[in-house]
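Reading through the structure tokens given below for one structure.
The values are calculated or read from the model by the stated rules, or taken from the named source; none is laboratory data. In this text the structure is predicted, and so the values were computed from the model without any measurement. Neighbour counts run over all protein chains shown; Cβ positions are idealised from the backbone, glycine included. Note: areas computed on protein heavy atoms with side chains; ligands, DNA, RNA excluded. Shrake-Rupley method; radii C 1.70, N 1.55, O 1.52, S 1.80 Å.
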Amino acid sequence: YLAISAVAEADAVLVHDPATAEIAKYWVPEVADKIIGVHQPFPASQFESKLDPGAVKARFQVGPVDPMIVCVGDLSERYGQDLLIKAMPGILKNHNQARLVVVGEGDLYWPARVYARYLLLEDAVRFAGNVEGQALAELIAAADVVVVPSREQTPWWPVLAGWAAGRPVVAAHGAAPGLVAHEQDAVLCYPSENSLVWGVERVLYDAELRATLARNGRERLEERFGWNMVAGQVEQALTAASPSIP
């Protein structure tokens, strides 16, 4: 009863879970207009792996010093993994030890395997299927490049995970509009084979650029998806609820 009374008297009700908001509206309908959604910060600490990257690469039959390209997402035309697979012959011309690890499942899974076999890439491409939780975080942290080749906007998680792990990100222009900035926190390219080859090589060839992307990406993550973001949301919510508060 006390909790319900407190909610009823509140100027603003901050929630981070839509289910919680529905429960509050069910028990205290009058607070429906006072509910404000607050996003949780991205769990960056989960990607701060202390494991030897070579040990993680070994799980996917990748050599300890071989460049490992990681792509995470539903296997579908929208996510563009087929483009990245078709780009691999061009990448291998100058980086013959590069290996691509594709994480995810979907309608494109078997067509993608066919592409890889047709292009004689079975030694260079790893189809990991579903990888989740700590194992996925460790894979991201061990990557040399995280690539998001989406043909259109897709969830930002792979970009944010790459930033959290301090990994350079290569993304197609439409994959995360409004999030990434070219050669500041990611290398942007077009969703095409040749452009993806250029983007990945741009990162693999330039150690200074890799360091810049990793540093700026982590800073962007903290700025937009860290605790400062949460504090800003709370401040805005309180100001909106009580504009007279100085």
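Could you please find all residues in the stretch 122-134 being of a type in the set (Gly, Ala, Ser) and in contact (Cβ under 8 Å) with a residue 40 or more places away in the chain? Step through it out loud before you land on a result.
First pass over the stretch 122-134, keeping only residues of a type in the set (Gly, Ala, Ser): 124, 128-129, 133.
Matches in the stretch 122-134: ALA128 only.
Would you confirm whether or not the stretch 162-174 contains a residue that is open to solvent by 50 Å² or more (accessible area, probe 1.4 Å) and touching a residue at least 40 places away in the same chain (Cβ under 8 Å)? Spell out how you get there, then give the answer.
Of the stretch 162-174, the ones open to solvent by 50 Å² or more (accessible area, probe 1.4 Å) are 167, 173.
Imposing the further condition that a residue be touching a residue at least 40 places away in the same chain (Cβ under 8 Å) reduces the set to 167.
The answer is yes; a qualifying residue exists.
Test each condition in (1) open to solvent by 80 Å² or more (accessible area, probe 1.4 Å); (2) part of a loop (DSSP other than H, G, I, E, B); (3) more than 30 Å from ALA207 (Cβ to Cβ); (4) modelled with pLDDT of 60 or more for ASP11 and report the one that comes out false.
Unmet condition: (4).
Hey, does the stretch 91-98 have a residue that's at pLDDT below 95 and surrounded by 15 or more Cβ atoms within 10 Å (Cβ to Cβ)?
No: the stretch 91-98 contains no residue that is at pLDDT below 95 and surrounded by 15 or more Cβ atoms within 10 Å (Cβ to Cβ).
Please report, ordered by residue number, the helices (runs of 4 or more DSSP H) entirely within the stretch 193-246 with at least 1 residues that are modelled with pLDDT of 95 or more and exposed (fewer than 14 other Cβ atoms within 10 Å of the Cβ).
Details: elements: 193-205, 207-225, 227-241.
Counting at least 1 such residues, we get 193-205, 207-225.
Tell me whether the stretch 118-135 contains one or more residues that are part of a loop (DSSP other than H, G, I, E, B) and of a type in the set (Phe, Trp, Tyr).
The first filter runs over the stretch 118-135 and keeps only residues part of a loop (DSSP other than H, G, I, E, B), leaving 119-124, 130-132.
Then keep just the ones that are of a type in the set (Phe, Trp, Tyr); that gives none.
No: zero hits.
Can you find a residue that is without any contact (Cβ under 8 Å) to a residue 40 or more places away in the chain, under 17 Å from VAL197 (Cβ atoms) and surrounded by fewer than 19 Cβ atoms within 10 Å (Cβ to Cβ) anywhere in the stretch 106-113?
Filtering the stretch 106-113 for residues without any contact (Cβ under 8 Å) to a residue 40 or more places away in the chain gives 106-113.
Narrowing further to those that are under 17 Å from VAL197 (Cβ atoms): none.
No: zero hits.
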